[in-house]
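Below: one structure, written as structure tokens.
No value in this document is a laboratory result; all are computed from the given coordinates. These figures come from a predicted structure and were not determined experimentally. Every residue, glycine as well, gets a Cβ built from its backbone with ideal geometry; the counts of neighbours run over all protein chains shown.
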Amino acid sequence: MNKPLAPAVTDPNRIPYQKPQPRDMRPDMVIHDAMALAPNSDPRVWVPLAEHVAVRPLQFNVTQGQYTNVMRVTKAGMIARHRHSGGVHAWVFKGRWLYLEHDWVAEEGSYIFEPPGETHTLVVPEGCTEMITLFQVTGSLMYVDPQGVSTGYDDVFTRLDKARAHYTAVGLGESYVDRFIR
Ligand code: FE
């Protein structure tokens, strides 16, 4: 059966772009269940980083050394002390968190910019049992002790490896993570 013809577009504001997209453009990406916390969401998309800490990847940008994910923490406590080589944009969806180095508290609805070069210690304060925040991270997180001595690092590639290993282990398959790569 033939598809019915689309009605003629008369409103010029509703005419789609008529030319080809750039030849080397990467595919667009839509993740409808970005939060992945609805009753019918697949909990396996959450990649555990530590006990009570998980991330839901949205994009691994391997050409800009950047990743975007939703972080969920379900217990109060210290998450990580780290130094950033690149900037971070964050938006808090639920709960609250703070950096020991600052006097402000990020709360539901807060936007935060973390400048390249900063070292800080992420803490979910007592009384908060669920923190959910979108992070877009450029560059690396170097994990450090209080004197700045490096104890390890993460970047888009280590996070990608962790996600791939998790998705393989939970049965989503090694290639599941590929859809998030640009
Ligand atoms: Fe940070």
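Odds and ends about this structure:
- Of the criteria (1) closer than 17 Å to residue 132 by Cα; (2) under 10 Å from the mean Cα position of the chain (by Cα); (3) surrounded by 17 or more Cβ atoms within 10 Å (Cβ to Cβ), which one residue 60 fails: (1)
Quick grid of which residues meet (1) touching a strand residue (DSSP E or B) at 6+ places or on another chain (Cβ under 6 Å); (2) charged (D, E, K, R):
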position	(1), (2)
93	yes, no
97	yes, no
101	yes, yes
104	no, no
107	yes, yes
119	yes, no
128	yes, no
135	yes, no
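- All conditions in (1) surrounded by 17 or more Cβ atoms within 10 Å (Cβ to Cβ); (2) away from the ligand (no atom under 13 Å from the Cβ) hold for residue 86, with the sole exception of (2).
- Residue pairs meeting the criteria (Cβ under 8 Å; at least 6 apart or on separate chains; first over 17 Å from residue 137 (Cα atoms), in the stretch 149-164; second of a type outside the set (Phe, Trp, Tyr)): 150/142; 150/144; 151/144; 151/145; 164/174; 164/177
- Residue within the stretch 97-104 that is assigned to a loop (DSSP other than H, G, I, E, B), in contact (Cβ under 8 Å) with a residue 60 or more places away in the chain and surrounded by fewer than 17 Cβ atoms within 10 Å (Cβ to Cβ) present: no
- Residue match in the stretch 102-115 (condition: away from the ligand (no atom under 15 Å from the Cβ) and within 22 Å of residue 48 (Cα to Cα)): no
- In the stretch 121-172, of all residues being among the β-branched types (Val, Ile, Thr) and under 22 Å from residue 103 (Cβ atoms), the one that is surrounded by the fewest Cβ atoms within 10 Å (Cβ to Cβ) corresponds to 121.
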